[in-house]
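These notes concern the structure reproduced below.
No value in this document is a laboratory result; all are computed from the given coordinates. All figures in this text were calculated on a predicted structure; none of them were measured in a lab. Cβ coordinates were reconstructed from backbone atoms using ideal geometry, including for glycine residues, and neighbour counts include every protein chain displayed.
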């Protein structure tokens, strides 16, 4: 007997339909799986045999051949255990299903030896593309049902065990489709608030601008000045994720297998990889490419602490994603794109000892050591970092004096929210910010007064700005004007923007 059921596999963030064909025929007793399966899929024959035996289903002593079509598409993981088992049950006539039901249904899940159905990676991504694949129903592990239920107009059937599924397919029992239940937003960042940060007014102001316009930011200063403390509080003044952004981010986490205990990503991701991370860990990769840290930071924040401790070749791979907001992983047979629209926060010490330019301690580094230390930061990479801030050590008087005017994160967010709303009206989009403006948009929306134009012209010549640096300067000035609710960019806005673009020149002089 022959049977056919449908499943899917993820390549990048997209789901591809896979037809699981099962043939049970006379011949030498064996279990073949063809169609470019990986090792995990080849091993599924043993899991399926044992699972069926342990629930009381005895396989016929015949040859079983499974084909995963299309045969030229590489498949990986354990997602095909359940569809293969269902195909065998159909071919062995243990169950009988309507052709329309089979045509409209996708099966996915991993089997345990006792007949339980384990969760799999990428369930949300498959559910997201189910409608495009012309499917109306998804039968999957119970633990994946919550994430898949985020997708509307798809019937999500969550099952815990193989006997439960067989009973459902035979119409002996009813399983109610899982519906999406909005979860209460977690309070992960409630312990972090800008009211806890004493001093550092310029850095706080810079973070407000970064949050409002999605501008990348670099902190440079001695150890203990508060660079990491400031960076960790940036999520508290970022606008909440829209539902579409939640869906995009959750898809990436689902593919990576990091969504099972979250249900949905409700807050903007904050990823802080260690400086020993490899290029593949940062960008993504592998024989079956998986998202890296920059994709896991999509719609959120990527924090690179101790920036100069990263390998230079690792840092350079950030240049293209910072511009295009996507990362392309090329393989011999295919190229896969992962989204990578993240806000970069970087922090570094100004020299190996960490105290060059510090008011309290004297730098002991030789000039050539500082030069070698800073050479890991290339000009093109610095050019892609919009805001560069020098963070000085806090004085004792600042720590101890009573400062009733210190703004909390909630107060700072009000200013950010106002600027974000202006940008949403300007671009008629919830996901478009000043940092994403094209050159044509810059010409259209960055109108300057004559005095501001003159200052910008002088700065362009004196600071030897590239065209990218010039555009970055205008984008920052546009965000500052939005924060103040002003339509025309004036002198103070350009001057403040310039104060955030001069540090790379200082670093360049130090290298010399």
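Computed from Cα atoms, the angle from the helix 450-462 axis to the main principal axis of the chain rounds to 80 degrees. The calculated 222 nm mean residue ellipticity attributable to helices in the chain amounts to -10500 deg cm²/dmol, summing -39500 (n - 2.57) over DSSP H runs of n ≥ 4 and dividing by all residues. Distance from the C-alpha centroid of the stretch 250-278 to that of the stretch 435-475: 36 Å, rounded to the whole angstrom. Computed from label points 7 Å out along Cα-Cβ, the spacing between residue 133 and residue 457 is 6.0 nm. In the stretch 33-92, Cα pairs under 8 Å separated by at least six residues give a relative contact order of 53 percent. Computed on the stretch 2-169, with alpha-carbon pairs under 8 angstrom and 6+ residues apart, the relative contact order is 24 percent.
For the stretch 55-109 and the stretch 286-364, what is the separation of their Cα centres, given in Å? Measuring centre to centre over Cα atoms gives 43 Å. Beta bridges from DSSP with both residues in the stretch 251-409: antiparallel share about 55 percent, rounded to the nearest 5. Taking label points 7 Å from Cα along the Cα-to-Cβ direction, residue 258 and residue 364 give a separation of 3.9 nm. For residue 38 and residue 491, the difference between the fully extended length at 0.36 nm per residue and the C-alpha to C-alpha distance is 156.9 nm. If both residues of a DSSP beta bridge must be in the stretch 2-169, then about 60% of such bridges are antiparallel. Restricting the calculation to Cα atoms, the stretch 250-303 shows an Rg/Rh of 0.96 when the hydrodynamic-style radius is the Kirkwood one.
Each principal axis of the stretch 140-283 carries a Cα extent, and these read 68, 32, 25 Å when sorted largest first. Inverting the pair-averaged 1/r between distinct Cα atoms of the stretch 312-415 gives 17.9 Å as its Kirkwood hydrodynamic radius.
Shown is the FRET efficiency for residue 244 and residue 272, computed with R0 = 22 Å from the Cβ-Cβ distance and rounded to the nearest 0.05: 0.30.
Annotation: the antiparallel percentage among DSSP beta bridges lying fully within the chain is about 50. Give the relative contact order (percent, whole number) for the chain; include only Cα pairs under 8 Å separated by 6+ residues. Relative CO of the chain lands at 13 percent. Seen against the Cα atoms of the chain and their longest principal axis, helix 81-91 is set at about 20 degrees.
Extension gain, residue 25 to residue 155: 0.36 nm times the residue separation minus the Cα-Cα distance gives 43.4 nm.
As a calculated quantity, the FRET efficiency between residue 167 and residue 1 at R0 = 30 Å, using C-beta atoms, amounts to about 0.85. Between 0 and 90 degrees, the angle of helix 467-483 with respect to the longest Cα principal axis of the chain falls at about 90 degrees. Cβ-Cβ distance of residue 94 and residue 316, R₀ of 41 Å, FRET efficiency by 1/(1 + (r/R0)^6): the value works out to about 0.10.
Scan [x] 15, 23, 16, 13, 11, 14, 7, 1, 0; [y] 21, 44, 25, 10, 0; [z] 20, 38, 25, 13, 4, 0 for the value of P(r) over Cα pairs in 20 Å bins from 0, in percent calculated from this model and give just the label. Matching the structure shown: [y].
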